[in-house]
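Reading through the structure tokens given below for one structure.
Every number here is computed from the coordinates shown, using simple stated rules; none is lab data. Quantities reported herein were computed from a predicted structural model and do not represent experimental measurements. Here Cβ is always computed from backbone atoms with ideal geometry, including for glycine, and neighbour counts include all displayed protein chains.
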Amino acid sequence: MIIVRSRYMPPMRRYAAINLFGVFFVHPDVRVTKTLINHESIHTAQMREMAYVFFYLIYLIEWLLRLVMKDNAYMSIGFEREAYANEHNFHYLEKRKHYAWVKYLKKKKKKEYKKKHKRKKHDKTRNR
Ligand SMILES: [Zn+2]
């Protein structure tokens with residue numbers, strides 16, 4: 001993976017790094033960890049299998065849809081969910097199947113939301 005340190009990429013300070021066609025742009029003050037490299041390597045694998053263009057196209061479409069759905073658009077994107085779920089597994093890419101990101105398109109958050117909501121209710125009851 002090619003890593004380029006730049007003050008101007010990504011253009012918005014909100015993101016510390018961006019992977020463009022397998023080239024990883026990072027702000028100078030960002031610590032490049034093994035986990036971060038693994039996360040971006042997962043994106044590179046996704047890009048390759050999607051012939052790059054379709055990766056960005058689907059990424060953008062899904063981001064826009066998630067925005068309308070009032071999700072946390074960025075964190076709900078299938079590509080991101082796969083990368084975040086496996087960024088600590090440094091052998092993930094060795095065993096990863098093609099198009100593994102597809103299974104992360106399913107909305108699993110309902111279960112997570114219910115669990116969280118239940119816990120909050122439970123906590124409220126305990127405080128009374
Ligand atoms: Zn990512």
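Positive contributions from Lys and Arg (+1) and negative ones from Asp and Glu (-1), summed over other residues with Cβ under 14 Å from the Cβ of PHE21, come out at -1.
What order, most packed first, do the peptides 17-25, 64-72 have when packing is the mean number of other Cβ atoms within 10 Å of each residue?
17-25, 64-72
Modelled spin labels at TYR99 and ARG31, positioned 7 Å past Cα toward Cβ, are 3.9 nm from each other. Under 5 Å from the amide H of ARG5 lie the amide H atoms of VAL26, each residue being 5 or more positions distant or on a separate chain, with H modelled from the backbone and absent for Pro and chain starts.
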